[in-house]
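See structure below.
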Amino acid sequence: MKQINIFDRAGSFAENKDVAKEIRLQEIVPALSKGEPIVIDFTGVDAATQSFIHAMISDVIRQFGNEILDKITFKSCNETVKKIIAIVADYMQEGLADQ
Amino acid sequence: MGLFEKLGIKADISIVEHESAGRFIPITQIKTSSELSKFITEMIPLLHLEPEQARTIGYIVSELARNVLEHSKSEHGAFLCAQYYKKSNSIRIGIADTGLGIKATIAQSYSVQTDMEAIKLALMPGITGTTRKEGGTEQNAGAGLFFIKSIASVNRDFFVIYSGSALYKLLKKSIKNVLRLNADPFKDRHSTEEDLPYWQGTAVGADITLDRTAEFSALLDAIRKTYSDTVKERVKARYRKPKFI
């Protein structure tokens, strides 16, 4: 199981979409492509923007389908980060029906 | 604020420069993603806000400035400033660019005739100039401005957006009003103007009353529902209809 630490890459306020893209392309996609489950660890992250979460996971859901969410675990998210992840997961899955 | 300095104009009037810490963020130019991250890390704490309030302000600055860096194609990047008002316990944030403007950006994917039509689309959840696909592109969802308008709406604050010759202003709501988010900005209490002096680019302003920023979590619940309902409606509107004879 691959562990990805967001605080180490993005700090306590995860807002830099370029960093989110790097995490997606360098860590998330390669692991999932090999069938390896991942844990995205938000320990120490106080807040994240919708844009950051979108840049990190939206294309993963589009590329692999919504069943890929079964292989991703979001660890130690505070309430607002959880809600932002849920918003992005919702609209991406609803949008999949249109593609 | 450093306006004359940024404009390169020698001011004839005498200007007393105040200490900015705890009061304002002077006009700052941001041209790159890393400059923006550095600005948020170093400048927002200088406003001496509570952690929850600082997060809200950081959120707004990040989303607005990244919009400029990604969409405006302005060679000058984004100019932003903020000021704290003690009497109303509020922060006013302004951000402007001299880029393409909203109409030209939205017109890359949608047919729009006027600046106001473009502003309306830009404020709706899931609409971006980069694609018509639901869910946006890998880097862009078309949600940033909807989130910012929603933060202002839930806080019952002002929010204004000006591009080309059009201006949309979200007006203050009565505190008695039940919180409700609208995907369509024209369904919010608002005013518009369409014959203003032409601004090549986009300017956004938001007043955030700090007493009310603790409602961010409840706001996210409302955003989730409004966003989801809007995407479902749009997808359903594109369903093929069975033909009966």
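Worth pointing out:
- The stretch B:63-108, dipole about Cα centre (Lys/Arg Cβ +1, Asp/Glu Cβ -1), debye to the nearest 20: 300
- Peptide B:190-197 shows a mean partner chain C-beta count of 0 within 10 Å per residue C-beta.
- Each residue, residue B:180 and residue B:195, gets one label point 7 Å from its Cα in the Cβ direction; the gap between the two is 3.3 nm.
- D_trans [Stokes-Einstein, Kirkwood Rh over alpha-carbon pairs] for chain B, 4 °C, 1.567 mPa s, µm² s⁻¹: 68
- Whole-Å distance, taken between Cα centres, linking the stretch B:190-245 and the stretch B:141-159: 8
- Equivalent-ellipsoid semi-axes of the protein assembly as shown, from the Cα gyration tensor, Å, largest first: 32, 25, 19
- Cut-off 20 Å, label 7 Å out along Cα→Cβ of residue B:19, residues of the stretch B:85-118 by amide N: B:85-87
- Principal-axis analysis of the Cα atoms of chain B puts helix B:144-154 at an angle of about 80° to the longest axis.
- Protection proxy ranking, peptides B:235-242, A:64-71, A:81-88, average beta carbon neighbours within 10 Å, highest first: A:81-88, A:64-71, B:235-242
- Helix-derived mean residue ellipticity, 222 nm - over the protein assembly as shown, DSSP H n ≥ 4, -39500 (n - 2.57), to 500: -11500 deg cm²/dmol
- Share of alpha-carbon pairs per 10 Å distance bin for chain A, given as whole %: 16, 54, 28, 2
- Inter-label distance for residue B:41 and residue B:239, nm, one decimal - labels placed 7 Å from Cα along Cα-to-Cβ: 4.9
- The GNM of chain B, with springs linking C-alpha atoms under 10 angstrom apart, assigns the highest mean-square fluctuation among B:133, B:86, B:149 to B:86.
- Estimated distance in nm for a label pair at residue B:225 and residue B:12, the labels positioned 7 Å out from Cα along Cα-to-Cβ: 5.8
- Taking every residue in A:80-87 and counting other chain Cβ atoms within 10 Å of its Cβ, the average works out to 5.
- Relative contact order (percent, whole number), chain B, Cα cutoff 8 Å, 6+ residue spacing: 18
- When each of A:21/B:31; A:21/B:225; A:71/B:31; A:71/B:225 is checked by Cα-Cα distance, pairs over 30 Å: A:71/B:31
- Taking other C-beta atoms within 10 angstrom as a stand-in for reagent exposure, B:165, B:72, B:88 fall in the order B:88, B:165, B:72, fewest first.
- What the Cβ-Cβ distance of residue A:9 and residue A:76 gives, at R0 = 22 Å and to the nearest 0.05, is a FRET efficiency of 0.90.
- Difference of contour (0.36 nm per residue) and Cα-Cα distance, residue B:132 to residue B:109: 7.7 nm
- In straight-distance terms, cross-link reach from residue B:241 covers every one of the aspartates and glutamates whose alpha-carbon lies under 19 Å from its own, apart from those fewer than eight places away in the same chain; here that gives A:98, B:233.
- Look at the stretch A:49-59: the mean tally of other chain Cβ atoms within 10 Å of its residues' Cβ atoms is 6.
Throughout, read-outs are computed from the coordinates displayed, never taken from laboratory work. Please read these numbers as outputs of a predicted model, since none were measured by experiment. Note that each Cβ is placed from the backbone with ideal geometry, even for glycine, and that neighbours are counted across all protein chains shown.
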